[in-house]
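Participant: Submitted below is the structure of interest, expressed as structure tokens.
What follows draws every value from the coordinates through simple rules; no lab data is involved. Bear in mind that the values here come from a model prediction, so they are computed numbers and not experimental data. Note that each Cβ is placed from the backbone with ideal geometry, even for glycine, and that neighbours are counted across all protein chains shown.
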Amino acid sequence: MAEEYTGEAYCVKCKEKREFTGHVEEKNSRRFAKGICPVCGTKVTRILGKA
């Protein structure tokens, strides 16, 4: 089952940090959380660090 992440990420469309809930992915030995901005619906991504 995919790991969940809840925290802040910068929304490029709103130009503000927003709280979001998303899932954690790993690519090229980097972990990052992907989710949706609750205000405008744009995809937001936060890099979490190396796995």
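Participant: Per residue and in cubic angstrom, what volume does the convex hull of the Cα atoms of the chain have?
Facilitator: So the per-residue Cα hull volume is 73 Å³.
Participant: May I pose another question? Which lysines have a Cα less than 23 Å from the Cα of residue 15, not counting those fewer than 8 places away in the same chain?
Facilitator: 34, 43
Participant: Which aspartates and glutamates does residue 50 reach when only Cα atoms under 14 Å apart count, and residues fewer than 8 places away in its own chain are ignored?
Facilitator: Here the aspartates and glutamates satisfying the reach criterion relative to residue 50 are 25, 26.
Participant: With charges only on Cβ, +1 for K and R and -1 for D and E, what is the dipole size of the range 4-50 about its Cα centre, in debye, rounded to 20?
Facilitator: 240 debye
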